[in-house]
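Only one structure is covered here, and it is reproduced in the block below.
Please treat every number below as a calculation from the coordinates, not as lab data. Worth saying up front: this structure is predicted, and the values here are computed from it rather than measured. Cβ sites come from the backbone with ideal geometry, for glycine too, and all protein chains shown count toward neighbours.
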Amino acid sequence: MPVDDQQIQGGVHIDPDRAHWTMWGEVDAAVKKRVGEEIEAHLAATADEPLTVSLADVTFIDSGGLRLLYQAAEAKPTPPVLTGVPDRVLDLLKLSGVDTLFVLAD
């Protein structure tokens, strides 16, 4: 069965009231393209606040998703805290050599 191009299979919920993101589903280049500008604006608006990113509901992440996380690490004065990191995501962070840019919680 063909997948509808408009069907959203992953994303980032950006909390408008604090420096917190919840990534879910397949976080890939399409997600980066869709939320990139919103992410940049949120990072600027919360520049001095520590960022927490929940990854517990991520089923897949590729270089586009990693780029969003790296963008956060570059923009924040303290390392972003990643929570609920699935093993497959942790493996990719380590393989990419960017795991040390983050605080890994639980």
_Exposure proxy ranking, count of Cβ atoms within 10 Å, fewest first, for ASP87, ASP28_ = ASP87, ASP28
*Where only alpha carbons of the chain are counted, the Rg and the Dmax (Å)*: 13.2, 46
_Around GLY84: net Lys/Arg minus Asp/Glu count, Cβ-Cβ under 12 Å_ = -3
_Relative contact order (%) - the chain, alpha-carbon pairs under 8 angstrom, separation at least six_ = 25
